[in-house]
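S.K.: Mind looking over this structure? Questions follow.
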Amino acid sequence: MKLLERKQQELQRVSTEIQILSRGNPQQQRKCARLLYISWQKISNFRLDELKKQIETIGGDTGSAKKKRKKLEKEYEEVREKVGKGEEMKESEGANDSTLSIQTDENIYLGEQQPEVKPIHKDQFGVYEQIRATDGVEERMLKRKKIVSESEDVFTLRIASLRGIEKDIGNMIERIASPAIIKFEEELRLIRKRSIKDIRLLKIEIAKLEKRLNEINYNCRTCESSMAKMNLTTKRMLFDLIGFVVYILRNALYLVARIRDLLVSQNEN
């Protein structure tokens, strides 16, 4: 970022020097303007790359991250639009320059100037130095991109290696765990068979117990009915005995009364 700010300051200085040369040689003015445009374009492209990297490095879904990403994207679009407009203006200026006579402008300029005017040196205002510095920045950026690309290739290879190791570990775990799993499944099947057999035996025993319980219940009901019948028979016998006793007592009283009457009648006679 400091390098970009320094380049922008140098670009501003070059722009100021070109404005000072607005009354100078038209050919030199056009050359300086072209150099200024090239410098501006390279710095803008450099800024676009920096903004793109910053946008890609921003992570997270927090409010501050979204706000910062939105701000950088807006600045990225503005710089890209400026670069596109600058290219359109350059094309239109190139078409206009092709229709004009550069030699005529230079002759008019030379005719109006005083003979003691000093010629402008080739790199008097540091334009070529600015271009060389920009080229150096571009070369460093290309080298950095190359290093990043190589790092990405190494990272991809290491990821592939790690995936291969992970696959081998999975296969090893499967080979180690397979016998244990098979043995566990066999034991589980045996346990299920034993459980089924035990359940069948328990069902048979339960059926036998239910049968015995039903027999006991039947015997209980039979005993209850027998006891009820016995109780009823006992009551009847008791009632019959009481009736027989009453009958005997009645007959005895009748005989006693008969005998008494006979004795009374004999005494009277």
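Just so you know, all these numbers are worked out from the coordinates, no wet-lab data involved. Since the structure is predicted, the reported quantities are computational estimates derived from the model, not experimental observations. Because the Cβ atoms are built from the backbone with ideal geometry, glycine has one as well, and the counts that use them run over all protein chains shown.
S.K.: Given labels modelled 7 Å from the Cα in the Cβ direction, how far is it in nm from GLU150 to VAL256?
M.R.: The modelled label-to-label distance comes out at 15.0 nm.
S.K.: Taking 41 Å as R0, compute the FRET efficiency from the Cβ-Cβ separation of ARG34 and GLU166 and round it to 0.05.
M.R.: 0.10
S.K.: Report, in listed order, any pair from LYS52/LYS143; LYS66/LYS145; LYS183/LYS203; LYS74/LYS146; LYS53/LYS82 with a Cα-Cα distance greater than 23 Å.
M.R.: From LYS52/LYS143; LYS66/LYS145; LYS183/LYS203; LYS74/LYS146; LYS53/LYS82, over 23 Å: LYS66/LYS145; LYS183/LYS203; LYS74/LYS146.
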